[in-house]
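S.K.: Mind having a look at this structure? Questions to follow.
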Amino acid sequence: KSLNKQFYPHYHLAPYAGWLNDPNGLIYHDGLYHAFYQHHPFSSLWGPMHWGHATSEDMIHWQHQPIALAPGDEYDKDGCFSGSAVSHEGKLYLFYTGHIWLNGANDDSAIHQTQCVAISDDGIHFEKKGVVIPSPEGFMHFRDPKVWFQDGKWWMVVGARDALDQGQILLFSTTDLLNWNDEYQTLAKTEDKNVYMWECPDFFPLGNHFITLFSPQGKKSQDYQFRNLYQNGYLVGQWAPDQPYEITHQFSELDFGQDFYAPQTFLAKDGRRIAMAWMDMWESHMPSQEHGWSGCFTLPRELVLNDQGKIIANPIEELKTLRQDEKIIPSTILIKNTDILINENATCCELELVWDLQNSSAEKFGFWIGNGIQFYIDNQNQKLTLSRHYPKYIISDSRSTELPKTKQLKIRAFIDKSSLEVFINDGEQTFSCRIYPQDSDYTLKLFAINQSAKLDNGTFWNLERAIS
Ligand code: FRU
């Protein structure tokens, strides 16, 4: 069967067939970027987890590789769950969670998880070496190892859920990668009683701080819909080996869109800290499932920490190499209830807009993709909002965050068939979500409702490239 291209992205990593969730084992190794991912190759639904694999020279053009890990051994018979990669003495090591359901049950209370390793000489074929850390006493959920090297030791953070249902992160260490010390330190723990698990932890230096990144489960929704029951976020603090982690900045969200989960970071060949996430949520509707595939990664984003302890996330520079057919959008005033056509078929593109906030009194102004998506400045409520409305796919929701108090608002948006990623004021806020334009209506327009809005300037680029 040939690939149905209606929703298939041009410049994001997605499987041609089967299911994808979390990014795993992101690494630059032996001259290539490797991305692995949670994968069910036999259907577009979640199932016994494999590790899919792709390689790239630039983190944008991906080449699919054979499946790297398949479940089936005693300790991973029900799934090779999420994890990370390290490169050591020319070999590629994958650390992952061996997942089994005790007594053949398939529910949360019967989960048994251990940390396992597989090693490769050629970066393509992996040999499993079994369990390196058994499940510690008192923790049932114990998964998603992230490993790194620092100060003469290898370190591993693992997400865990204790008997009191408190999400937390455990820290282990070793000197030789295979013999891990069973003793652990509790690096950080939730203060929110509702949060029973911290999935996919990451722990890394940024600026002169250490970031703890994770995906909490159980967090109560705030003033928007149920979609932030599961979300992503980070803590900022100070850490040195064998010292406690001192938190200096409490929980912040990393992305304000509807679909952003399980981000993982790694170092690019030049030392930039890059993050990619799964651009879906567990409870999202996934219309591409009918086409035999589901799930894609976000764009790779470069992370830096600002002076206020906030992560700034910008699309990697390499993306500029995709720009074609540049079109300048001149300075314009959109008068009350008008719109401006930017492109009739904006399926794969980049859009930059600079709005003059001081001279825009419209109630709402921003851009539309077809009838389904609006991204706008909500002047009345001083918010930025991304709203989706696709009745055909039972999708109707919106998410908002504070409108920055700047004179101008710079928006950089990327559309790629079934995704939209918006970067505000050079990465101070980001919104990521999947989009499913009904009847393939990708008309891209600017709009202003009640009163006027002033656009200082804008640019549009086509980013389309052939997919076979
Ligand atoms: C996060 C997660 C991980 C787990 C994996 C299973 O999305 O639930 O905790 O390892 O997905 O596919």
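The values are calculated or read from the model by the stated rules, or taken from the named source; none is laboratory data. All figures in this text were calculated on a predicted structure; none of them were measured in a lab. Here Cβ is always computed from backbone atoms with ideal geometry, including for glycine, and neighbour counts include all displayed protein chains.
S.K.: Return yes when residue 72 is within 12 Å of the ligand (Cβ to nearest atom) and either of a type in the set (Val, Ile, Thr) or not in a strand (DSSP E or B) (or both) and no when it is not.
M.R.: no
S.K.: Something else now. Go through (1) closer than 22 Å to residue 396 by Cα; (2) outside any loop (DSSP other than H, G, I, E, B); (3) of a type outside the set (Val, Ile, Thr) for residue 442 and report which single condition fails.
M.R.: Single failed check for residue 442: (2).
S.K.: Among the residues of segment 24-49 satisfying the criterion of being part of a strand (DSSP E or B) and within 10 Å of the ligand (Cβ to nearest atom), which is surrounded by the most Cβ atoms within 10 Å (Cβ to Cβ)?
M.R.: Looking at the filtered set, the residue picked out is 24.
S.K.: Next question. Among (1) more than 16 Å from the ligand (Cβ to nearest atom); (2) at pLDDT below 95, which single condition is residue 219 missing?
M.R.: That leaves (1) as the condition not met.
S.K.: Need the failing condition index for residue 140 against (1) outside any loop (DSSP other than H, G, I, E, B); (2) modelled with pLDDT of 95 or more, just the number.
M.R.: (2)
S.K.: Something else now. Consider segment 298-341. How many of its residues are within 21 Å of residue 431 (Cβ to Cβ), among the basic types (Lys, Arg) and either modelled with pLDDT under 95 or in contact with a Pro (Cβ under 8 Å, 6 or more places away or on another chain) (or both)?
M.R.: 1
S.K.: Quick check: is even one residue across segment 233-240 free of Cβ contacts under 8 Å to residues at least 60 places away in the same chain and closer than 23 Å to residue 384 by Cα?
M.R.: yes
S.K.: Which residue out of 181, 194 is in contact with a Lys or Arg (Cβ under 7 Å, 6 or more places away or on another chain) and either surrounded by fewer than 18 Cβ atoms within 10 Å (Cβ to Cβ) or closer than 20 Å to residue 29 by Cα (or both)?
M.R.: Checking each option against the conditions leaves just 194.
S.K.: For segment 253-282, which positions are within 12 Å of residue 419 (Cβ to Cβ) and away from the ligand (no atom under 14 Å from the Cβ)?
M.R.: 257, 258
S.K.: Within the set of pairs 6+ apart or on separate chains, which have a first residue in segment 1-28 that is on the phi > 0 side of the Ramachandran plot, a second that is surrounded by fewer than 21 Cβ atoms within 10 Å (Cβ to Cβ) and assigned to a loop (DSSP other than H, G, I, E, B), and C-beta atoms under 6 Å apart?
M.R.: Cβ pairs passing all conditions: 18/41.
S.K.: Further question on the same structure: Take residues that are surrounded by 18 or more Cβ atoms within 10 Å (Cβ to Cβ) and among the hydroxyl-bearing types (Ser, Thr, Tyr) and tell me which of the strands (runs of 3 or more DSSP E) falling wholly in segment 363-417 contain 1 or more.
M.R.: Hits in segment 363-417: 373-378, 383-390, 395-402.
S.K.: Answer yes or no: is there a residue in segment 107-128 that is surrounded by fewer than 18 Cβ atoms within 10 Å (Cβ to Cβ), of a type in the set (Lys, Arg) and more than 13 Å from the ligand (Cβ to nearest atom).
M.R.: no
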